[in-house]
Amino acid sequence: MQQINYLRSILAMTASLLLASGSVCARDLPAIQNPLLWKINTSPPSWLFGTIHLPDERVTTLPAEVQSAFDQSKAFYAEVPMDSRMLLRATLGTLRNDQKTLKDVLPRKTLSRLQLRLKKINPTLSAGAFIGMKTWDVTTSLALLENKSKHPQSISLDLVLYQSAQMAGKRVGGLESVEQQLGYLDQFSEQEQIEMLDNRLQQMDKAEKEHTTISEIMIQWYLKGDVENIHHIIEFPMPQNQALQQRAVKSLITNRNKTMAKSIAEILRLHPGESHFFALGAAHLGGGNSVQNHLRKLGFTTERVTAQ
């Protein structure tokens with residue numbers, strides 16, 4: 001349960017799932033074709049790996065290039081620390097603190113659409129399971145629940161890597177704090193969060209008509225290794241509120257890219273002569289404002305690793 005609750009709060013690919021257009025992509029790829037892996041040209045080299053925060057065996061089975069880079073590294077960093085104490089703090093951060101419930105804040109039409117979508121995901125689910133949760137948590141949970149229903153035994157790639165690093169005796173840590181990540185979504189007003197939920201439900205309806213799901217669309221782009229298409233998807237405007245779309249992208253992606261690049265640079269300078277493995281959401285690795293571009297400005301060059 002803590003693993004699922006943590007997935008609700010982690011934001012890099014959550015942001016893209018919040019804002020995805022539902023664009024159709026190539027389907028039925030069975031495994032990662034071109035991993036989102038970059039070599040940071042330090043001595044020895046360090047590594048930047050794009051992840052997707054969904055539980056799926058196709059994603060968690062690492063290509064040889066990624067496994068080799070991970071094995072070489074002495075330290076592992078996810079977006080946030082993922083130990084049990086941090087998972088609990090993340091879970092607590094999804095609870096409402098305004099003395100209201102979901103039924104108090106959601107319009108009747110939105111609540112009805114949510115109830116219908118949850119039943120389609122799993123007949124045993126209902127909006128009552130989210131009664132005390134923040135509205136943004138409901139939005140970020142939908143695609144995760146959709147994917148989890150198909151892969152009930154899987155955990156997210158980030159958590160797989162974090163636990164593997166701990167078992168291997170690597171130094172582990174995070175590029176941001178749990179409080180920072182939760183704060184990125186808490187800044188949106190209740191009305192804005194409701195708009196995001198309505199947009200998500202609309203995306204899921206559209207995907208259903210195309211005989212796919214939001215989570216499967218994202219996974220297929222990820223398996224293909226098309227980082228620019230992943231980045232493009234998150235910038236697709238919300239037709240009903242483009243100003244909110246632009247603010248969300250700036251807060252959840254643009255500003256965080258700069259922050260995480262600074263954290264990476266600080267770690268590399270603090271521990272010279274060590275190999276580090278940094279895992280963060282794939283959405284942060286595409287476009288002109290990517291983490292790699294910020295690292296270059298900070299004096300670190302990167303190059304993508306070609307699939308063998």
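The values are calculated or read from the model by the stated rules, or taken from the named source; none is laboratory data. No experiment lies behind these values; they were computed from the predicted model shown. Counting neighbours? That spans all protein chains shown, and the Cβs are built from the backbone with ideal geometry, glycine included.
Within the range 100-122, does at least one residue satisfy the condition of being of a type outside the set (Val, Ile, Thr), assigned to a loop (DSSP other than H, G, I, E, B), surrounded by fewer than 18 Cβ atoms within 10 Å (Cβ to Cβ) and at positive phi?
Within the range 100-122 (the criterion being of a type outside the set (Val, Ile, Thr), assigned to a loop (DSSP other than H, G, I, E, B), surrounded by fewer than 18 Cβ atoms within 10 Å (Cβ to Cβ) and at positive phi), the answer is no, since none of the residues qualifies.
Just name the residue that is nearest to residue 200 (Cα to Cα) out of those in the range 123-143 that are buried (at least 16 other Cβ atoms within 10 Å of the Cβ) and not hydrophobic (A, V, I, L, M, F, W, C).
Among them, the one singled out is 139.
Of all residues being of a type in the set (D, E, K, R) and in a helix (DSSP H, G or I) in the range 77-99, which is farthest from residue 189 (Cα to Cα)? Just the residue, please.
Here the residue is 85.
So, of the residues in the range 84-99 that are surrounded by fewer than 13 Cβ atoms within 10 Å (Cβ to Cβ) and of a type in the set (D, E, K, R), which turns out to be nearest to the chain's Cα centre (by Cα)?
That would be 85.
With the structure loaded, tell me whether residue 307 is in contact with a helix residue (DSSP H, G or I) (Cβ under 9 Å, 6 or more places away or on another chain), in contact (Cβ under 8 Å) with a residue 60 or more places away in the chain and among the small types (Gly, Ala, Ser) or whether it fails that test.
yes
Over 30 Å from residue 261 (Cα atoms) and without any contact (Cβ under 8 Å) to a residue 60 or more places away in the chain, is that true of residue 106?
So residue 106 fails the test.
Can you name the residue in the range 36-71 that is part of a loop (DSSP other than H, G, I, E, B), modelled with pLDDT under 95 and in contact with a Lys or Arg (Cβ under 9 Å, 6 or more places away or on another chain) and, of all such residues, is nearest to residue 293 (Cα to Cα)?
54
Any residue that is more than 18 Å from residue 256 (Cα to Cα), in a strand (DSSP E or B) and within 13 Å of the chain's Cα centre (by Cα) - is there at least one of those in the range 140-161?
There is at least one residue in the range 140-161 that is more than 18 Å from residue 256 (Cα to Cα), in a strand (DSSP E or B) and within 13 Å of the chain's Cα centre (by Cα).
List pairs: first residue in the range 121-141 and in contact (Cβ under 8 Å) with a residue 24 or more places away in the chain and under 16 Å from residue 97 (Cβ atoms), second residue β-branched (Val, Ile, Thr) and crowded, with 21+ Cβ neighbours inside 10 Å anywhere in the structure, Cβ distance under 6 angstrom, at least six positions apart or on different chains.
130/138; 133/94; 134/94; 137/94
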